[in-house]
Every structure is written in structure tokens, then in C-alpha cells.
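Note sheet for the following structure.
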Amino acid sequence: MPPALVVFALLALLGGGVLVGWLDPAFADEAAAVPYGAIAANALPAVVLALLLLALTRRPVLSLGLSLLPLYLLYFANAIKLDLLDTPVLPADLVLLGHLGDGGQLLLHYLPAAAIGVAFACVLGVAALLRWEPAWSRLRGWRRALLGGGTLALGASLLAGATPWSRVYAAAQDDWHEWSPAASAGSGGLPATLLRYAWRTTFVLPEPDRALARHFMQEHAAPVVTAPAPSALPDIVVLQSESFFDAARLRGIEPAQVLPEYRRIAAESRHGDLWVPTYGGGTIRTEFEVLTGIAMRYFPDVQYPYFRLTATAVPSIASVLAAHGYRTIAVHPHERDFWNRASALAHLGFAEFDGQETFGDAARVGWYIGDDALVDHVLQRLDAAAGAPAFVFAISMENHGPYEGFPNADPGEIAAQPLPPGAGGVTGERLRGYLFHLARADRALGRLADALKQRSRRTLLLFYGDHLPALPRVYAGAGFDDDGSGAQQPVPWLLFDSAQPAAAPASEVTASFYLPALLLSTAGIEDDWFGALESARRLDRPGPNWTPLEDYTLGPAMQLRQRGEAP
């Protein structure tokens, strides 16, 4: 390699190494010895990109800048995610980029205002270098072709994990956790972790143990009952409320200050704490469990089920209810393709899906269409069912972050929200913004339940929060009454029956994958799978980091259920 190219490659490695050492949390411990090998391994992709760009443009400064820019942007995104969710960028996050909808507007809400100016300056800088930086005169003809071809081959071997790269990265990341990309990134660096997970080009679902699955179904065989006539079946509404959480679990906030409507409805409903498979985000993990009765714990390699587990038809409460004559309707006041929902919900048995295009000029509260508009839409869909029982699955959006600086809100109402002692600055602003939306979600729940009471047809309302809000700074500052972490907190749920209010119901602790079995049992609709799951639910006592009572047989049964196969 000519000396000039060696110098260029070393400059790219040095620049990438400086960024990695400066921005990667894995190397933030100033007291530890500098792991030069691990830093170089994380910077290597930037070197390959720099050489490829040099072959394409023949401009060294431009090539260096453009190769380091993606590395910086990766760490910029990682810092935002760590601040909001306390987790790093993960390989599965890259899948979402094609399914954000609305041109990625949701992510743009999280960018600081200065980011737009910086992006504009970068565009101007690239344009200036393209116009005025002189090209390397000697890098042409066969030399340019050799550099381009060689770099492409080098990059392809790196992306494929070919020898010797697999050994190089194994040595550089000696603390590698195959089952946890977050732990691997925290110890060995973010780019290296993303690269090594990219080498896992095949994805294979767990192979169920059919004998154990059969044992579970036999042990929990549901009695055969006569299904009610369609005219006697209740309408069913499931409302998944974005980031709905009992803020009174925080120190310094009292139950009387938050969720009055939830507490009023819960006083005449089955209700309690709900353990969900995600924290601060990842809505579709909870959503998948509630719709299917299949626990994410039995698919440890799957972060986002709507990209891995619903490529084909999967049995769900929607498909079971459709078989009993229900109209199955999903409602979400946001982009249809967000989280790949349009495809996934169809494979889960929903015949109709109302996205934000069906909401017309519905009022936005904050960044998104408000919960009041969602409740109005649900009630309209119930009234239009024309005699057939209806199942409406509603997914709210209003209380999605970010929780500061949002439009379409009354500043006075935001300022009136309670704060724990000592909460101020950005932390206090975010908590007040969240509590503003939480209060509106609570009022929408009360309005929906009151409206369902007035309907002539019995209606069941299953309501739950999908996960805690992404407020790690709040949790670290205020703490929780039980001294647990944010990831160890449940969310609320309730099951309201418009025709048969419960009398002084006791609080029930359960898990999200048990909810559909409880719902169908209450509706008087029997199904082999959900009947067996309801039997198991009655014996289990979920909690933080708990293992289901019949984990040994339940897991294989759920893995087989995901395939749509009987034991």
C-alpha cells in the first residue's frame, strides 16, 4: 500500500478511535486501562468506509469526514436512547427504521433544536468540499480500481464475519454476551456489538418439545361448554393505554393526586397490578402477549415480535372471536405501518384496521391525536356494528414521549401537575408533561366506562398500561415507595363489565399474557388454548423477575401455539 494511503488509513483509525473512546459508554471509566484493541475494533468499520469513499471521491478530507459522521450519529442516537430508556441502541432497533411511518416524525420529536442547524452545517460542509477540495491526482485508473475493489472485498468480509475477523473481534470483546446485546455493548463497545450481531444472518425459532406441550394442555384441559348465541355475546373493548402507570408508586406523590377515574372504575371491576415484558418502550411486546396469550420470555432472541413472530398467521383472541361471529377491529390514531402493525394485526386475525387516516381532523394533544378522539372513535365503531358482536382493540398514542416542549397543550394545566420533593429542571418538566397526558388518559378511561354503561348491549372493557413511561431520570431522583427500580414496577389493569359490576373486588396481580384468557373466560367464550391458560393463571403469582409456575411445560406449549399447531 502506498505510504499516502497508509497515512490516510491511520488517520481514519485515529479519528474513529477518538470518537469511540470519547463517546462509547463501554470505555468511559477513566481509571481503567485504555483497551486500545477494543477501541480499534470498534473504529475499524469507519476505516473501511473511509477507504471506500476515498476510492469513490478521491478527496481525503471529504472521505474522512463522511466516514466519521455515521459513527458520530450512531453515538448521538445512543445517547438519546440511554437518556430516555436507559438502554443502548440494539440491533433490533435498526429494523424499525423502515416502519416508523410519517417520514420518521416521531423520532424527530426527540432531537434537540440545535440538531437541525448542525445537520444543515454538515450539508454545507460536504458541498464545499465537493466543490473546492482538490482530488488526489495519482489516485486514478488501475490504482483507484484496485483500492475500490480491495476495500469492497475487505468490507464484505467484515460484514460477513469471515476469518480472521471473527477471531479478531472475539479477542477484542472478551466479555461477550450472546444473549444480551445491551450487556455486550456496555462492556465491549457499540459498533463492535452491532457488527457481531449482524453476523447472525439466520434466525431460527425455538423448536418446541411437543410432549411437554401436550402435557400442559392435558393438565389444564378446559371443560367443554356450549357457546352463547351471537346475540347473547358481549361487545368487547380492549384499550391499551400508552405509558399508563400509577405515578403514586413514586415517592412524594399520593394516590389522591393521580388516576381518580381509574380508581373509581377499579372499585367496581376486577383490577390490579400487571407485569409486562418491557420497560420504558417496546409497546408491541406487551401488545403481542395480550392478543395471543404467548409470553415473550419463551422467545429470548426476539426483541420486537411484529417483525419476527407474525410473518404468518398466529392464533389470537381476534381469530378466536372472529370464529364466534365477532367483527374484529383494530384502532390506532397513528401511522398504520408504525411497528409493522398493518401486516402483523392482519396475521393476528383482525379484519379491519383504522389508522390515523380515519380520524380526519381529530384534535392533537401534544404531538399526537388525543385520547378523547380515540374514545369517540371506539364508541362510533361499537354503534356501527349493526347487531353483530364487536371486538375493538384500541391502541392510544397521546401519552407517547417526548414529555417536554410539546405543542397543543395548556401550559397552566401542565404547571399544575404534582411533583415529588426535589424534582426540578428538565426532570421536573418531563414528569409534569407526562402527568398532564396521564390525567387526560385517566379521564378518557372514565368517560369510556360511563358511556359503555349506557349501552343496551353488555360490554366488557379490558384496560391496561403497556409499560412505564421513559423517565429514567425521574425514577433515579424520586425513587419508588417499594425501593425497587423502574424495571421492577408493574402497570395497572382492570376488567370492567358494564352489566355486572363487581362488588368490592380484591386486587389481582397477573401478567399480560394471562389477560386474554381472563377476558374470554369472563365473556363466556371457551377455547382450548385460552381455557388452559386461564387454568394456569389461577395458580400463578406473577411478580418482578418471576418464573411462571409451570414454566417447564408452558414454554413449549406457547412456542407451538405461535406456530399455529396443536400439541
Rounded, prolate or oblate, given the Cα gyration tensor of the stretch 401-512, with a/c below 1.5 counting as rounded?
oblate
Compute the distance in nm between two label points, each set 7 Å from the Cα along the Cα-to-Cβ direction, one at residue 219 and one at residue 337.
4.5 nm
With every protein chain kept in the model, how would you rank 168, 18 by accessible area, 1.4 Å probe, largest at the top?
18, 168
Ordering of 372-384, 5-17 by packing [mean C-beta count within 10 Å, highest first]:
372-384, 5-17
Using alpha carbon centroids, what distance separates the stretch 115-165 and the stretch 537-563, in Å?
51 Å
Value of relative contact order over the chain, rounded to a whole percent, pairs C-alpha under 8 Å and six or more apart:
22 percent
The stretch 305-392 - percent relative contact order, Cα under 8 Å, separation 6 or more:
35 percent
Rounded, prolate or oblate: which fits the stretch 1-93, taking a ≥ b ≥ c as square roots of the Cα gyration tensor eigenvalues, rounded meaning a/c under 1.5, else prolate when a/b beats b/c?
oblate
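Rounded, prolate or oblate: pick one for the stretch 181-291, where a ≥ b ≥ c are the square roots of the eigenvalues of its C-alpha gyration tensor, a/c under 1.5 means rounded, and failing that, prolate if a/b is larger than b/c, else oblate.
oblate
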Hey, can you find the accessible area per residue of the stretch 382-450 for me, probe 1.4 Å, expressed in square angstrom?
34 Å²
I'd like the carbon and sulfur percentage of the solvent accessible area for the chain, probe radius 1.4 Å, heavy atoms only, ligands and nucleic acids excluded.
60 percent
Taking 0.36 nm per residue of separation and subtracting the Cα-Cα distance, what length does fully extending residue 408 through residue 552 add?
46.8 nm
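The values are calculated or read from the model by the stated rules, or taken from the named source; none is laboratory data. Quick caveat, the model's predicted, so the values are computed rather than measured. Quick reminder, even Gly has a Cβ in these numbers, built from the backbone with ideal geometry, and neighbours come from all protein chains shown. SASA here: full protein model, heavy atoms, side chains in, ligands and nucleic acids out. Shrake-Rupley method; radii C 1.70, N 1.55, O 1.52, S 1.80 Å.
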